Amino acid sequence: MHSSPLLLEEPIRMASILEPSKPTFFPAMTKIVGTLGPKSRSVDIISRCLDSGMSVARFDFSWGDPEYHQETLENLRAAIKSTKKLCAVVLDTVGPELQIVNTTDQPITLEEDTLVVLTPDQSEEASSNLLPINFSGISKAVKKGDTIFIGKYLFTGSETASVWLEVSEVDGDDVTCLVRNTATLTGSLFTVHISQIHIDLPSLTDKDKEVISTWGVRNNIDILSLYTRQAEDICHAREFLSKLGDLKQTHIYAKIENIEGLKHFDEILREADGIILARGNLGIELPPEKVFLFQKAAIYKCNMVGKPVVVTRVVDSMTDNLRPTRAEATDVANAVLDGSDAILLGAETLRGQYPVETISTVGKICAEAEKVHNQDLYFKKAVKYVGERMSHLESIASSAVRAAIKVRASVIICFTSSGRAARLIAKYRPTMPVISVVIPQLKTNQLRWTFTGAFEARQSLIVRGLFPMLADPRHPAESKSGTNESILKVALDHGKAFGIIKPHDRVVVCQKVGDSSVVKIIELED
Ligand SMILES: Nc1ncnc2c1ncn2[C@@H]1O[C@H](COP(=O)(O)OP(=O)(O)O)[C@@H](O)[C@H]1O
Ligand SMILES: C=C(OP(=O)(O)O)C(=O)O
Ligand SMILES: [K+]
Ligand SMILES: [Mg+2]
């Protein structure tokens, strides 16, 4: 596998492209987040999603009630148990999302060159010439000539399932718009995107808070996906989580949806635990020729500070088709080459016809792209960015990756408690999987004693290259020397059982021995 690495920057022998990919245990180092919904909520389908490589499940509270999502989550738990595959849980908030509710049960067809009125009067029924919106300030927020998109496939506005409107007149609280393309809106809820306006609503709404403090607390959510426009949005959410018991351990990922988020990107990145590039919304907010540039710039910034970055909306067409378009397949590979940690699937798994096939197709594309990723070049950039003098841990982490590549180790094993050491290793984008062995720590909050570790292990399921294993808390973490040897043996056995570690392989281990952090190389006998 490491004999003659292909690099995109070097000439590739064309025939080598046709060599079939060898099957490996790890479908890809890049992770796949699947949004669970009507077409992906049975134990059977979720099990197949996990087996195909989904390692994070997203619950989108923009639709569906808590009971519905609870049922899906119980099924996810059963699937985890039967497949023995770990899966993290993401709660996606609604935020100041603009919505039109259609209570009529009938699809609504809007005809090109006709007029439609958007009204904040939500007692009105939706029709092809009147659409009630959940935003009282709409008439003050827009002006003649502005662009409004309604529907799900919001990129170009030319799809038949979404509509592109141009504001033609503002009259009192209502806004009259010219319909630019004929489209039929189906379902009970349509999202609305108005380009480049500030919506004067809080990023974390009362409804979001209610859901987090009930459903979120009940289910110990690992990651909160937050509609983010500025760094304070993250601070407020963190403050809110800090009062919810175990949820103070929940990671907050900033969902960058619009120009405001783009302008404040650097400050947001400092506060957030990770970033989600919501390209659905961003893609219509930005001129099309700028989308790739923001993606590359944002991913680079995340990579350099070692924070996970997730890219959305890659294979929309697989919602209804078994194969992605050429553009989509290439787009997935480019997201990997740009440096994303994970790919987020929305409609494709939520309400698409091929959730399992979508996951395995995306996984295969990711795995191919990873093979030609120029690790050497990337590594140099990352080291240069940190500069002199490195922290001890950063130096240990980068050295572990360097050593593992030089000795062609099949895997890196990293002992970690907070997950920080393992994330730092992942930052240097090793070409081999990292088994992060999370060692539970006993902690108390005055009321009760509990073990840490479960959050930390699951949270690494969204990071490229990290494959967590939660050590048995009965191994006392204090007496490091003796017990770590037995945990190491368990980790090696784990790797062997899954076929990623074979006899005579070399393995790089990163751990603390006494007070010193060490990187050691071990050569296995059998
Ligand atoms: N329980 C443990 N046993 C052995 N080594 C550990 C343990 N926890 C962390 N380490 C190692 O200690 C070093 C410091 O990592 P640090 O970031 O402090 O750990 P953590 O991941 O627990 O925050 C790293 O080399 C890491 O591999
Ligand atoms: C993921 C996105 O949106 P949603 O939360 O509506 O699925 C997106 O806009 O990229
Ligand atoms: K949402
Ligand atoms: Mg969106």
Taking every DSSP beta bridge with both residues inside the chain, roughly what % is antiparallel (nearest 5)?
45 percent
For the stretch 418-479 and the stretch 41-118, distance of Cα centres in Å:
28 Å
Environment charge of Gly53, counting only residues whose C-beta is closer than 11 Å and scoring Lys/Arg +1, Asp/Glu -1
+3
Could you give the longest part of the chain that holds none of the trypsin sites (Lys or Arg not before Pro) found in DSSP loops with at most 15 neighbouring Cβ atoms within 10 Å?
244-388
Apply 1/(1 + (r/R0)^6) to the Cβ-Cβ distance of Gln196 and Asp266, taking R0 = 25 Å, and write down the FRET efficiency to the nearest 0.05.
0.80
Out-of-range pairs (alpha-carbon distance over 30 Å; input Lys248/Lys520; Lys84/Lys207; Lys384/Lys502; Lys81/Lys364; Lys22/Lys81; Lys443/Lys496)
Lys248/Lys520; Lys84/Lys207; Lys384/Lys502; Lys443/Lys496
For the pairs Lys255/Lys296; Lys255/Lys380; Lys371/Lys427, flag any whose C-alpha to C-alpha distance is greater than 20 Å.
Lys255/Lys380
Net charge near Lys296: determine it from the other residues with C-beta under 12 Å of the C-beta of Lys296, scoring Lys and Arg +1 and Asp and Glu -1.
+1
With a ≥ b ≥ c the root eigenvalues of the C-alpha gyration tensor of the stretch 247-390, is it rounded (a/c under 1.5), prolate (a/b larger than b/c) or oblate?
prolate
Potential lengthening between Phe292 and Leu7 on full extension [0.36 nm per residue; Cα-Cα distance subtracted]:
100.4 nm
With no solvent term and unit scatterers on the alpha-carbon positions of the chain, Debye gives log₁₀ I(q)/I(0) at q = 0.08 Å⁻¹ of -0.53
Checked the stretch 24-68 against the a/c 1.5 cut and the a/b vs b/c comparison, axes a ≥ b ≥ c from its Cα gyration tensor; verdict oblate
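Cut-off is 10 Å between beta-carbons; in what order do Leu488, Leu76, Leu322 appear when sorted fewest neighbours first?
Placing the least packed residue first, the sequence is Leu322, Leu488, Leu76.
State the extension gain, in nm to one decimal, for the chain segment bounded by Arg326 and Met14, taking 0.36 nm per residue of separation less the distance between their alpha-carbons.
Result: 110.4 nm gained on full extension.
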Stretched fully, the stretch from Arg448 through Ser42 gains (0.36 nm per residue minus C-alpha distance, one decimal, in nm) 142.6 nm
Ordered by fewest other Cβ atoms within 10 Å, a rough proxy for footprinting exposure, Asp505, Asp233 read Asp505, Asp233
Provide Asp208, Asp376 in ascending order of the number of other Cβ atoms located within 10 Å of each residue's Cβ, fewest first.
Asp376, Asp208
Calculate the FRET efficiency for Asp65 and Lys496 from the Cβ-Cβ distance with a Förster distance of 41 Å, rounded to the nearest 0.05.
0.35
Nearest-0.05 FRET efficiency for Lys209 and Glu124, computed from C-beta distance (R0 35 Å)
0.80
Net charge, Glu124 excluded, C-beta distance under 14 Å - Lys, Arg +1, Asp, Glu -1
-4
The simple spin-label model distance between Gln375 and Gln441, using points 7 Å out along Cα→Cβ, in nm, is 3.0 nm
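Coordinate-derived values only; no laboratory data. Here the structure is a predicted model, which is why all the values come from computation and not from measurement. No Cβ is skipped: glycine too gets one built from the backbone with ideal geometry, and neighbour counts run over all protein chains shown.
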